1. Given the DSSP H assignment, sum -39500 (n - 2.57) over each helix run of at least 4 residues in the chain and divide by its residue total; what's the result at 222 nm in deg cm²/dmol, nearest 500?
2. If R₀ is 45 angstrom, what is the calculated FRET efficiency for the pair Glu210 and Ala19, using the beta carbon separation as r and rounding to 0.05?
3. Given R₀ = 22 Å, what would the calculated FRET efficiency be for Ala339 paired with Arg124, taking r from the Cβ atoms and rounding to 0.05?
4. Quick one: Cα centre-to-centre distance for the range 205-265 and the range 40-69, in angstrom?
5. Please give the peptides 26-34, 95-103, 188-196 ranked by average Cβ packing (other Cβ atoms within 10 Å per residue), highest first, as a rough proxy for protection.
6. Rounded, prolate or oblate, given the Cα gyration tensor of the range 204-277, with a/c below 1.5 counting as rounded?
7. Pull up all non-local amide H partners of Cys164: gap of 5 or more, or a different chain, and H-to-H distance under 5 Å with H placed in the peptide plane.
8. Extension gain Lys234-Ala353, at 0.36 nm per residue separation less the Cα-Cα distance, in nm?
Amino acid sequence: MKKHIAVLEGDGIGPEIMAEALKVLEVVTRKYNHDITTEKAPFGASAYFEFGASFPEKTKEICDNADAIMKGPVGLAVEDMKKIPLEERPEKAAILPLRARYNTYANYRPVILPKELADFSPLRPEIIGEGLDILMIRELVGGIYFGDKVEGVHTDDTYSHDNCAYSRAEVEQIARIAFKEAMLHRKHLVNVHKANVLATSRFWNSIVDEVHKEFPEVTLDSVLVDNAAYQLVKNPTQFNGVMLLENMQGDIITDQAGGVLGSLGLMPSACVGKDKGYVEPAHGSAPDIAGKNIANPYSMIGSVALMFDKLFGCKKEANSIWAALFNVFAKGFRTQELAGKSTPKEKILSTTAFGDMVVEYIEQN
Ligand code: IPM
Ligand code: MN
């Protein structure tokens, strides 16, 4: 397979975790005889300070010409972000435009915690039970994020709104993705919504029910988003299988899932469109720990696994990366944020040491 990948390191811990992901990409490329080239491009707050734009034109060109994009987290500490005019802040000027540019409507956020690693979670081991194996699928280019907006502070200062809109086609395409994934994954789909209040949710649910007819083998449950938040902590294994969420609700519930796992550093993701997609960790750039070689690179390395799986259709490569990641933990190693009181010092890995162990496992297995 021949692929060219644009690499957007981003801000904060971005460059550090990206370096580890690139090491893993390199070893997988070699092991499976692929021809994969990479090309770095500036993106995010640092790009704004250096080039005057969070998503510079040159970066757009590099992304357009790539087969896929690996993106690190972006953003800086609050005080530094305030130095960037609202219109150029990375969320508004880089992340959402990247999603819109490639119409990456399907956001895959796996929430995986084998029962042997239950100690990562702040929840009691009996709550983690058999382990967590949830694939959260978040709609990523519609809803309130992309609806019409009026912002009081920029106009008359008396009124603001964010419009939440979904078209039939948008709901149908993400529902179909979710059911297809559910067919491969426990045949269980939980549809999350807020139909007791939102018109868009009632519309969404009626379409999910229609699409369900194409997939009669899948058991479908529907749950209100507030109840889903409660259940995710109270009894998370009931969601093992696939969860389908609209954009805003998915943003919130996937962060909560990171909390259930014990670290947002365990949340990789893939953002998939019809022709192109990109991968990114679900978390932010953690400026407080940047440059210290202590960030957990799992989310960025797991994103490489998702790139092989969801963007290139290469399961073997993806599985070898997942196996390596879990093998590091299975041997008792922890990144700093996952280490508990009983973790011996010599088992606590730096960012680079974690990446090295993943690479070594892939080379040897
Ligand atoms: C995420 C992030 C983004 C989102 C922000 C940075 C715009 O929180 O990918 O979850 O809200 O989608
Ligand atoms: Mn988020």
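Read-outs throughout are calculated quantities, based only on the coordinates presented, and are distinct from any laboratory measurement. Nothing here was measured: the structure is a model prediction, and the numbers come from that model. Virtual Cβ from ideal backbone geometry, glycine too; neighbours counted across all protein chains shown.
1. -12000 deg cm²/dmol
2. Plugging the Cβ-Cβ distance into 1/(1 + (r/R0)^6) gives 0.45.
3. Step by step, r from the Cβ atoms, then E = 0.70.
4. 33
5. 188-196, 95-103, 26-34
6. Oblate shape, in that a/c is at least 1.5 and b/c is the bigger or equal ratio.
7. For Cys164, no residues qualify.
8. Working it through step by step, the gained length comes to 39.4 nm.
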